[in-house]
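This report refers to the structure that appears directly beneath it.
The values are calculated or read from the model by the stated rules, or taken from the named source; none is laboratory data. Source: prediction; values computed, not measured. Reconstructed Cβ throughout: ideal geometry from the backbone, glycine too, with neighbour counts over all protein chains shown. Heavy atoms of the whole protein, side chains included, go into the accessibility calculation; ligands, DNA and RNA do not. Shrake-Rupley method; radii C 1.70, N 1.55, O 1.52, S 1.80 Å.
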Amino acid sequence: MVANKNQSLHRNKRYALILAAGQSIRFKSLKPKVLHPLCGKSLICHVLDKLKGLNIERTFVVIGPDGDEVKSALGGYPVNFVSQSEQLGTGHAVMAAAPQLRDLRGSLLVLYADTPLIRTQTLRRLLKTREKHKADQVLLTTDYENPSGYGRIIRNEKGEAMDIVEEKDASAEQKAIREVNAGLNCFRIPSLLEALSQLSPANAAQEYYLTDILRILRNGGKKVVTISTDLPNEARGVNNREELSLVEINLRAQIARRWMLEGVTILNPSSVYIDESVELSPDAIIYPGVLLEGKTKVGAGCVIHSFCHLKDTVLDQEVMVDQCSVIRNSSIGKNTRVGPFAHLRDNTVIGPEARIGSFVEVKKSRIGKRTTAAHLSYLGDAEIGSQVNVGAGTITCNYDGIRKHKTVIEDQVFIGSDSQLVAPVTLHQGSYVAAGSSITEDVPEYALGIARARQINKEGWTRRRAGEQKKKEKRKKKEQQES
Ligand code: UD1
Ligand code: CA
């Protein structure tokens with residue numbers, strides 16, 4: 001009884017195999033196709049992430065000659081890598097994994113790394129169908145209006161799937177079949193291994209096709225079940241850049257829809273790019289043409305105007321980001337207003353109720369509550385307190401050609417327009433910098449720092465100059481007449 005129970009536990013174990021070793025010739029890229037990003041995440045990571053919650057014991061990834069890059073990109077994933085040294089087809093890729101599968105029982109999901117839109121619920125259906133029917137193979141199919149490029153499903157008069165014919169090998173009649181191989185399979189491991197040994201490359205591509213397994217199993221009297229997805233885009237493969245863009249349009253629409261249903265207003269969702277990893281909050285408003293990437297988080301009631309690009313940036317609540325602002329790796333406090341045309345980067349932290357205006361660049365700086373830098377400034381490596389007024393055109397001269405230096409501006413400092421602060425330098429609390437100063441030394445608390453040449457007014461100067469000019473012209477005329 002106990003032995004029986006153990007056996008059945010064994011039989012219901014779940015494994016996954018992802019094929020990612022293909023040469024991706026159609027993609028025309030130096031980088032492995034499966035590492036190309038889709039809404040901020042590589043194609044293969046989309047597939048791997050869909051396995052979460054399915055109780056998969058072990059996941060194998062088949063990699064090819066460019067596998068080192070894939071390996072390092074998957075550093076955080078607990079997967080076993082299998083090398084396929086020559087790319088002789090999808091069946092051959094599974095053959096490369098056979099030695100690692102030999103002692104396993106149970107189900108093996110075999111997925112292609114280039115079908116990123118697959119859903120966890122569909123993978124669960126594949127696994128459950130195999131377990132329920134004790135099937136040797138469960139295959140997902142779907143119907144396409146234009147099935148070109150996909151393997152066609154050949155059914156007998158009873159409607160049973162008997163074979164998959166690849167585009168290259170299909171007759172005109174077979175090409176007209178609209179039901180295609182979605183590329184998602186679940187096998188009983190021993191049945192798959194047995195069938196693998198019978199694969200041959202006798203086809204137009206001279207490859208070992210994984211798709212031939214179905215026919216081999218059928219011929220051996222094994223049980224093959226097909227299920228279909230009514231969400232056809234789920235099975236879209238990415239073989240070239242155009243297909244990448246089609247899949248991206250689809251996923252982007254899904255992401256925007258999810259946030260709109262969560263209470264985010266998105267004006268013209270098809271123009272907005274939101275990575276899968278981004279988090280938005282209710283009552284945020286996203287204008288057309290906005291790009292939100294990486295670990296960006298947008299708080300409740302924030303407004304992000306058109307053509308802003310935010311990456312790895314956290315906005316507290318009710319932050320307003322005006323047109324054409326670029327913010328990377330930074331965080332912005334509640335009720336602060338940024339832009340238009342602002343550029344914030346490299347761990348910049350802006351406090352609440354602050355104002356960072358047009359053509360202001362802030363790099364690796366902290367800016368306190370209610371501080372304003374409203375126009376045309378560069379603030380780099382600066383520590384700026386609260387209620388500071390950074391006048392128009394203020395520049396921190398943080399780089400001496402060799403090293404970067406810090407500028408410290410304490411609370412309630414007032415910096416007059418067009419001042420340069422040559423770092424390292426500190427403006428102490430409540431101090432005041434006269435407009436147009438080049439500050440090279442610290443300004444003490446509540447002091448006025450003036451660092452510019454004293455003004456001299458030369459009385460009557462413009463009139464005198466005009467008189468001299470007239471005299472000059474008269475002289476010239478006279479000389480010309482005499483010559
Ligand atoms: C494959 C199917 C086709 C199906 C379509 C669904 C085969 C023979 N054809 O065609 O029936 O409709 O997917 O998207 O399986 N790979 C390897 N090693 C290889 C070759 C490929 O690991 O030697 C990997 C690729 O990296 C890719 C996946 O297998 O992730 C699929 O290969 P691909 O060449 O894209 O197959 P398709 O022509 O799209
Ligand atoms: Ca493909």
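Going toward the positive end of the dipole of the chain, with +1 on Lys and Arg Cβ and -1 on Asp and Glu Cβ, which of HIS92, LEU123, TYR432 do you reach last? Towards the positive end, the residue furthest out is TYR432.
Relative to 2.2 N^0.38 Å, what does the C-alpha radius of gyration of region 215-271 come to as a ratio? Two decimals please. Intermediate results must be reported in sequence, preceding the final value.
On the way: Rg = 18.3 Å, N = 57, 2.2 N^0.38 = 10.2 Å.
Against the compact-globule rule of thumb, the ratio is 1.79.
The mean accessible area for residues of the chain, using a 1.4 Å probe and ignoring ligands and nucleic acids, is 51 Å² per residue.
Between GLN429 and LYS295, residue separation times 0.36 nm minus the direct Cα-Cα distance comes to 44.7 nm. Carbon-plus-sulfur accessible fraction, region 2-235 (probe radius 1.4 Å, protein heavy atoms only): 47%. Look at the alpha carbon pairs under 8 Å that are at least 6 residues apart: their mean separation over the length of region 1-101 gives a relative contact order of 31 percent.
Roughly what percent of Cα-Cα pairs across region 1-98 reach past 21 Å? Working shown, then result.
Values: 1860 of 4753 pairs.
When all Cα pairs of region 1-98 are counted, 39 percent exceed 21 Å.
Scaling against 2.2 N^0.38 Å puts the C-alpha radius of gyration of region 45-155 at 1.14. Here the chain yields Rg over Rh of 1.22, to two decimals, using C-alpha coordinates and the Kirkwood radius. When Rg and the Kirkwood Rh are both derived from Cα coordinates, the Rg/Rh ratio for region 241-449 amounts to 1.07.
Please work out how much length the chain gains when fully extended from TYR446 to ASN80, using 0.36 nm per residue of separation minus the C-alpha to C-alpha distance, in nm with one decimal. Could you put the intermediate results ahead of the total?
Values: separation 366, 0.36 × 366 = 131.76 nm, distance 6.47 nm.
Value of the extension gain: 125.3 nm.
Summing +1 for each Lys or Arg and -1 for each Asp or Glu among the other residues whose beta-carbon sits under 11 angstrom from that of LYS168 gives -3. Computed over every Cα-Cα pair of region 2-235 and binned at 5 Å starting from 0, the pair-distance distribution P(r) comes out as 1, 6, 14, 19, 21, 18, 12, 5, 2, 1, 0, 0 percent. Note on ASN239 and ALA98: their simple-model spin labels are 2.6 nm apart, each label 7 Å out from Cα toward Cβ.
The separation of region 282-359 from region 419-468, counted between C-alpha centres, amounts to 34 Å.
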